[in-house]
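Below you'll find the structure, written out as structure tokens, and then a few comments.
Bear in mind these aren't lab numbers, they're just calculated from the coordinates by the rules spelled out. In this text the structure is predicted, and so the values were computed from the model without any measurement. Cβ coordinates were reconstructed from backbone atoms using ideal geometry, including for glycine residues, and neighbour counts include every protein chain displayed.
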Amino acid sequence: MNMKLSTDVSRTKITKLVLPPDTNHLGTIFGGKVLAYIDEIAAIAAMKHSKQVVVTASIDTVSFHSSAKVGDILTLEATVISTGKTSMEVYVKVECEHLETGEKSLTTTSLLTMVAINDEGIPVPVPEVIPKTEEEQQLSEQAKKRREERKKDHMA
């Protein structure tokens, strides 16, 4: 597939409210809940880019920078930053807005690899991605190194 698409095609944003059932005994959101949100938005971004159903191949990194508590607003943003033949690396950033103060903070960042599949579950080619922002360009350059590391890990 020779088509190239801008990261604008895949860029996806969702907003979530942290509710009591989403939290632990300390009143902060469960990490697993944040991971579920991350996996969902990464899949949406990858589907928008590939116009295909996708599956999660790996969650390469997850960094929890700060927590969110009941009543906080989470904004998740996902973008396809790199592509292989059938795979897409998706960068997800989660920010928290504290309702009382309006203060925003980075909560979580993550990199996931999604694979486009057809109705039979067979991987299918995806369009190349053209990173737009400086941050996306840096992440895209680093993606090549991560892909090589994953290949080494599978061979070991």
Entries in Lys16/Lys85; Lys33/Lys144; Lys85/Lys151; Lys69/Lys144; Lys85/Lys145; Lys33/Lys93 that, when Cα-Cα distance is taken, lie over 24 Å | Lys16/Lys85; Lys33/Lys144; Lys69/Lys144
Set of aspartates and glutamates with alpha-carbon distance to Lys13 below 18 Å, sequence-local pairs under 8 removed | Asp39, Glu40, Asp72, Glu77, Glu89, Glu95, Glu97, Glu135, Glu136
Could you give the nm distance between label points at Ile122 and Glu149, where each point is 7 Å from its Cα heading toward the beta carbon?
-> 3.3
Karplus-derived HN-Hα couplings along the stretch 68-75 (A = 6.51, B = -1.76, C = 1.60, θ = phi - 60°), whole Hz, x at Gly and Pro | 10, 10, 3, x, 6, 10, 9, 10
Rough spin-label spacing in nm, given labels placed 7 Å along Cα→Cβ, for Ala36 and Val55 = 2.2
At 7 Å along the Cα-to-beta-carbon direction for both Lys13 and Gln137, put a label point, then send me their distance in nm to one decimal.
-> 2.3
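Count neighbours as other Cβ atoms within 10 Å of each site's Cβ, and list the GluC sites (Glu not before Pro) in the stretch 1-102 that are DSSP loop with at most 16 such neighbours.
Listed in order of number, the matching sites are Glu100.
Looking at the square roots a ≥ b ≥ c of the eigenvalues of the Cα gyration tensor of the chain, which shape do they give, rounded for a/c under 1.5, prolate if a/b is larger than b/c, or oblate?
Verdict is prolate for the chain.
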Coil-residue chymotrypsin sites (Phe, Trp or Tyr not before Pro) of the stretch 9-72, DSSP, other Cβ within 10 Å capped at 16 | Phe30
For Val53, the residues 5 or more places away or on another chain with a placed amide H closer than 5 Å to its own amide H are Ile117
With contacts defined as alpha carbon pairs under 8 Å and 6 or more residues apart, what's the relative contact order of the chain in percent?
-> 28
